Amino acid sequence: MRKIKIGLLVTLCVLTVLLCGIFAYGMTGHNIYRAFQYDHERDYVGMHLVLEQEVSIDGIENISVSYSMNSNDVYLYEGQGDMLTVKEYNEVRLNENQLSTVSVNSSKLEIKGKRRSSSRVGIGFFHFGYGGGYTEIWLPASYKGELAISTSSGDIASEMDLALEKDLKAASTSGEITMPDVTASNVSLASTSGNVRIENIETNKNGTAGDIDITTTSGDITVKQLVGETNIGSTSGYVNAETITGNVQIETTSGDITVQHIDGNAAFSSTSGNAKIMEGGGDRSVSTSSGDVTIDGADGSWQVHTTSGEVRVKGQNDNGSIDTTSGDVSLEIEGLNGTLGINTSSGTVNMVLMQDSAFDFSADTTSGDIDTFFDDDLKFSKRGNSAQGTHGQNSQGNSIRIDTTSGDVRIKSY
């Protein structure tokens, strides 16, 4: 009997802790009913259509969608004709003063979500506040004006391709931003903790490439193709892009950076994240603290700075500089075109060059060894830790300069 009482007491304590946790979760504005009932694919079970309104887009040049005062998700679908349709859904029936408003002022159409109190506690199954909801916007494909969408904690997703002649702006605090193909004058996408996933973005501003700005704090950024002057920033999220056409700047703190192909000048900066840049033409500038740097298939000039990360470069017709403290350096260069400078404290330098490459060469190391396939063309110091000379008929004035403190220098040929 005593064991049964103890068991019941333990069970009661566990249930009490669980209920208190659920109560605290709900009082913070979260909806328990939604958390249990929605799956990861956003199947909105038990939703009510609380608002449906149509507006003509004739003469409209600016559409603003703002849900900064509640947690509604926003979904874009392709509408028919020249009528824009707004449909709002919610888990509970809303009063008139809780519904979104749709208004037109001259050439501007504004859709705005109302502030809803989240402090009400219901008697039902842990149903705190006014519940979650979402808004569907059925936008005619003929619309070409400016589009701006903002949410607080809601997601922003488009099921339709957007072909705008003016700017596209989308911003969410903790929600995700997902879109397929986008064409616009300029594009700005921002999320604090949500991910950003885009298929293709192409900008065209007065016949030239427009600006593309994508930023997150802890969210990841994934894109397939970008055409424009691109700026991407993420604090701890990773950045993964397939193809970028145009000049690009990418900054992260601890997130990794991976870009498969770039046609244009590129600058990358990461504190502890790794940077991997693959094919394409244009200058490359990469800076990391402890992250590794990989440049593979580049055709152009590159500058790499890292403290303790390793550096690996495989290029076609390159020149550039590498500055690292304790990281090793590995290079495979098909054709040297200009000046190549490498400076490392304790890292080893391994290089592979074409046999018929021509260049002036100098290398200095304090305690490391120097070993090249063209030793016969060099003059070594008595200790063998310094070497100078010229390999081949260097009519183009190419040069290689390597300085290392305790690392070795090894150069082989194809």
* **Cα centre as origin, Lys/Arg/Asp/Glu Cβ charges: region 268-414 dipole, Debye** => 260
* **Acute angle (nearest 10 degrees) that the helix 2-27 long axis makes with the longest principal axis of the chain, alpha-carbon atoms** => 80
* **Per residue solvent-accessible surface (Å²) - region 323-373, probe of 1.4 Å** => 38
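In deg cm²/dmol, rounded to 500, what helix-only [θ] at 222 nm does the chain give when every DSSP H run of at least 4 residues adds -39500 (n - 2.57) and the total is split over its residues? Working shown, then result.
Working: 2 runs with 32 residues, N = 414.
My calculation for the chain gives -2500 deg cm²/dmol from helical runs alone.
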* How large is the accessible surface per residue of region 164-301, computed with a 1.4 Å probe and reported in Å² as a whole number? -> 37
* Asked: For the charge dipole of region 161-270, defined by +1 on Lys and Arg C-beta atoms and -1 on Asp and Glu C-beta atoms about the Cα centroid, which residue among Gly219, Met179, Leu164 has the Cα displaced farthest towards the positive pole?
  -> Gly219
* To do: Answer with a single label: of (1) -0.60, -0.73, -1.14; (2) -0.70, -0.79, -1.03; (3) -0.78, -0.94, -1.37, which was calculated as log10 I(q)/I(0) by the Debye sum over Cα atoms at q = 0.09, 0.10, 0.13 Å⁻¹ from the structure in view?
  => (2)
* Where the accessible area of region 173-249 is counted over protein heavy atoms with a 1.4 Å probe, how much of it, in %, is carbon and sulfur? -> 40
* Go through Lys144/Lys205; Lys87/Lys108; Lys112/Lys224 and tell me which ones have a Cα-Cα distance over 22 Å in this structure. => Lys112/Lys224
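Just to confirm a number: summing +1 for Lys and Arg and -1 for Asp and Glu over residues other than Arg401 whose beta-carbon lies under 10 angstrom from that of Arg401, what do you get?
Value of the local net charge: -3.
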* Structure fact -> Quick calc, the chain, dipole around Cα centre from Cβ unit charges on Lys, Arg (+) and Asp, Glu (-), nearest 20 debye, gives 2260
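Suppose every K and R has +1 on its Cβ and every D and E has -1 on its Cβ; what is the size of the dipole of region 217-343 about the Cα centre, in Debye to the nearest 20?
Dipole magnitude for region 217-343 comes out near 160 debye.
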* **Debye log10 I(q)/I(0) at q = 0.25 Å⁻¹ for region 146-234, Cα point scatterers** => -1.28
* Structure fact -> With the dipole of the chain defined by +1 on each Lys or Arg Cβ and -1 on each Asp or Glu Cβ, the option from Gly255, Ser321, Leu378 whose Cα lies farthest towards the positive pole is Gly255
* To do: Assuming a ≥ b ≥ c are the square roots of the Cα gyration tensor eigenvalues, decide whether region 258-408 counts as rounded (a/c under 1.5), prolate (otherwise, with a/b larger than b/c) or oblate.
  => oblate
* To do: Could you please state how large a percent of the accessible area of region 290-344 is carbon and sulfur, counting protein chains only and using a 1.4 Å probe?
  => 36
* Asked: Among the aspartates and glutamates, which have Cα under 16 Å from the Cα of Lys382 when same-chain residues fewer than 8 positions away are ignored?
  -> Asp364, Asp369, Asp371
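The values are calculated or read from the model by the stated rules, or taken from the named source; none is laboratory data. No experiment lies behind these values; they were computed from the predicted model shown. When we count neighbours, we look across all protein chains shown, and the Cβ atoms used for this are built from the backbone with ideal geometry, even at glycine. For accessibility, only protein heavy atoms count, side chains too; no ligands or nucleic acids. Shrake-Rupley method; radii C 1.70, N 1.55, O 1.52, S 1.80 Å.
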